[in-house]
Structures are given as C-alpha cells and as structure tokens.
Number of protein chains: 2
Amino acid sequence: MDQPSRSAGTVRPGGRTARVRAAVLEATQDELVERGFHGLTMDQVAARAGVGKTTVYRRWGGTPGLVADLMNELANQSSPHADTGGIEGDLLANAQSVLDAITDGRLGATFQAVIAAATADEQAAAALRTFYLRRIEEWAKAVDLAVERGELPRGTDGGEVIRAISAPLYYRLVVTREPVTREDAERSVARALAAARAGAFVAAEPAPAPRARPRAHKAVRAHPERQG
Amino acid sequence: MDQPSRSAGTVRPGGRTARVRAAVLEATQDELVERGFHGLTMDQVAARAGVGKTTVYRRWGGTPGLVADLMNELANQSSPHADTGGIEGDLLANAQSVLDAITDGRLGATFQAVIAAATADEQAAAALRTFYLRRIEEWAKAVDLAVERGELPRGTDGGEVIRAISAPLYYRLVVTREPVTREDAERSVARALAAARAGAFVAAEPAPAPRARPRAHKAVRAHPERQG
DNA sequence: AGACTACCGAAACGTTTGTCCCATTAATGG
DNA sequence: CCATTAATGGGACAAACGTTTCGGTAGTCT
C-alpha cells in the first residue's frame, strides 16, 4: 500500500533502499520460520537485517506490513498453471503446489504468517486476497482448457473448481489444525473432479430467459447440451 | 487447560467464581465484536467485566486463553445433527449452521477470533480442533444414516463429507477473504453431494490383503458391494 | 454464628513496544 | 568530483503490557 518496492515520483530506487528491503524481507522470513507470526517483532527483524529499527517502522509500519510486503513479493514470483495435457494431472499439480505452500518449511511459514496477519490487518488481508484471486484466475485456465477438450461439462466454473481443491487443505490447516498430507491433496482432487464431471460446477443460472426460473433445490445437474 | 470452569479437588466452585467467569467471558465476547481478536486487551476486558485485571491474568493467562475458554463454552452448547429425513436437507442444515457461525455478528466474531488466536497459541488451537472434530463426528452421523437409507454409496466417509461442505466456506472466510453468502453454502452442499453420490468419499483402501496394492491413480470409485 | 481460607482487587513495579529527534550516510545530477 | 537531499541509524522518550505484592472479600465448614 505504501512505497516499499518502488516509490512515486522523484524518489531514489537506488542501491541502498533496495538492499535494505531485501535484507529486511529475508530477515522477516527467517524469523517467521523460527518463531512464527506472533513471535515476529520489529526489533528482532531490524537487528537480524542489520538495519535501524526506525527504518523498519518507517517503511513497513508494523509486523503485518512486513508480511504483506513479503506476500506481494511472492505474488510477483507466481508461476503459470500446469498443462500436463489432462485435467487430472493439472489439478494434481495445483494441489501439490498448494501443499507446498502450506507444508514447506520456509514457504509454509510465510503463508501461514500471512493468513495470521490477515486476521488482524487489512493491508495483509488485501495482499492475501489479491494473491489468491490472481492465482485462482491463473489456474482456472487449466479447467477452461479441459472444458474445451471435452473432459468436463460445458459451462464449468473453473475458478470454483480450483477453490474446491484448495479449500479442504486450508480447512485442515486453519480450522481443524490437523496435519495436511499428500493423500489429502489427492483426495481433494478426486472429489472436486468427481463433482465437476457430474456438472456440479456448472453455473446455476445464466438467466437469459427471465421466465419461471428453474429453482434447482434437489441438486445441480449438468446440461452438456446447452450451448455456451 | 487450567481451571476456568471447574477446578480439581478441594476448591470452591461457589457463586462468586462462576459469576466472575460469566462476566469476563461476556465482556470478552463484547470486545471481540467491537474490536476483534487483535484489539482484545486484558485490561479492557477486566474493566468491562468489572473485575480486577489481576484476576483475569491469573485465571486465563492472556487473550488466547480467554478465547479458548469461550470456545470451550460454546462447545458445551453445541447441538445435535439435523435429521430432516433426507441427506440433502441435513447437509443444508449443516451448511447453514456453519454460515451462521461465520457471518452472525456475535457468534461470527467469536469464531473468527478463535481462528485468529489459534494461529498464535496452542491452547486456542486445541480448543478449536476439539470443537470441530467433535462437531464433524456429530454431523457425520447424518451421512451414516443416509448411507443406511441407500441415499449414498456404502463405505462413504461421513466425516469427510461434512468437512467438504464446511471447507469452501472457511476458505472464503480466511484465505480469499471474500464475503460468504447463502448461495455459497448451497453450492457447497450441491458439490459435496455430487461427489459423494459418485462415490468419491468411499475410503480408498480397506487393505485386508497386503498383496499388490491397487494404486488408484485414475479416480476413487465406489464399491457398493463391499460388506460393511 | 464464627473461623478458615480460597479467591478477588488496587496499586506499584519492571519490561517490552512503538515514536520522535537529529546527526550521519550515500544515491543522484551536474 | 562536488553539492544536494532522500533515506538511514542511534538513542532518548512515552505508552502499553504483564507481573508481583499484599490487604480485602466472601464461600465453606463446623
């Protein structure tokens, strides 16, 4: 939200500023791995980065600002969706990357920290939301391709399929706080795929004819013959 | 973990102690509604409850302890699973109760606070885990009944179905931080149900014969002929 | 009713956290 | 290479936080 990465107008993005930012973000990540978000202190980060405490407060405001900036940094490094040629392979790749983001030591600590920070700070929440909406949008393309290949019903909402795969993993991470395993990821894919094939991810109401809307109260069913 | 509700051995659960606890927990909830977990301070809670700051520190230790105790209190008030006669109605009731727990002002603030607290404190995490595992276990019965009625494939994992319904809602709440609506809840039920009917929630490997294990890599399929 | 004692509460205390001031450093532009 | 000035860094400062002490209040038991 501020000017951590690149400032407006007539400032100097030159060497020192960038160097300080890199050192601070790296120190932040180290601290997150060792102590988690609640154990993150501005003082400690400044000391570890070898910069003045004042500087860290001035540029990031507080620990939520630090993790938010870190998240924005990760957002710039996000990779494109997989394209294995089949929808199951793509979705498994997606689930695997979610699993990494959760369980991998350094990366996992960062993501969990941002989730924690987002519960307390709107800036961190915005960074989190932006990151995931962008990520969902990217991976939704894989689903769209599968629809075009005829692997999934026409009209399937790609973004929702991607969410459906991530959701159970985050549920275990944040709500029930159980360990999240590779098997969980595979099951998640299998289930989302089963629902998608059954047409449960086809948008309910395109509403072109506003006449006697079909209140689907029993279950949502696929209509593959509808021309998208 | 301490002795908030009822102490061990030769203590006095008498009037005053219970009165103090009630006042403190209510003040805690009020503060959570107004300021959220990160704005919760022991000082403020004590003042609002009209009790001494020392007392709150002594009995609850810190703000995570407060929300953990609050969660334990809610756990005691949890209601049994719905039984509408059909699995879809039951699952919709479940989704609705999750939705309430998330969006309802007072209740929602409490649950979100516990989720936030759990990211920082093991005591709060334990309270959260216990609450949800118990809740899942309770609602899984509704799925089991549906299996017995023949509405779902034999061997369907009830707990996993219940998780699958809650997961997308919490995902929106905690990760993408989008508003969670009634439509989200209904969609969640429809999708979980579609996957369940397709047999995607049938346990993959009962593994009685450890010979040449069937690596199900294509998709998980139902085996309704297995004798439970 | 009276003694016992578990529990509570007000205030003082040391520690941690965040802010401010001002001298110093080092990019930038000529 | 030098002047300019954005940005940094150390240290002093105020506020918030959590802990400790000790006197007071009110259940509990006989």
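Derivation of every value follows stated rules applied to the coordinates shown; laboratory data play no part. Values in this document were obtained by computation on a predicted structure and should not be read as measured data. FYI the Cβ positions are ideal-geometry reconstructions off the backbone, even for glycines, and counts take in every protein chain you see.
Label points for residue A:52 are taken 7 Å from Cα along Cα→Cβ. From this copy to the others they lie 4.5 nm apart, shortest first.
In region B:58-170, a dipole from Cβ-located charges (positive for Lys and Arg, negative for Asp and Glu) runs towards its positive end, and of B:164, B:132, B:63 it is B:63 whose Cα lies farthest in that direction.
Using alpha carbons only, the radius of gyration of region A:57-123 set against its Kirkwood radius gives Rg/Rh = 1.10.
Along its principal axes, region B:9-108 has C-alpha extents of 52, 36, 17 angstrom, given from the largest down. A crude spin-label estimate for the pair residue A:79 and residue A:35, with each label 7 Å from Cα along the Cβ direction, gives 3.2 nm.
Count, for each residue of B:119-128, the Cβ atoms from other chains sitting within 10 Å of its Cβ, then give me the mean as a whole number.
3
A Förster distance of 41 Å, applied to the separation of the beta-carbon atoms of residue A:22 and residue B:19, puts the FRET efficiency at 0.15. Counting only Cα atoms, the size of region A:84-206 along its three principal axes is 42, 31, 24 Å, in decreasing order. Residue by residue along A:38-48, Cβ atoms of other protein chains within 10 Å of the local Cβ number 1 on average.
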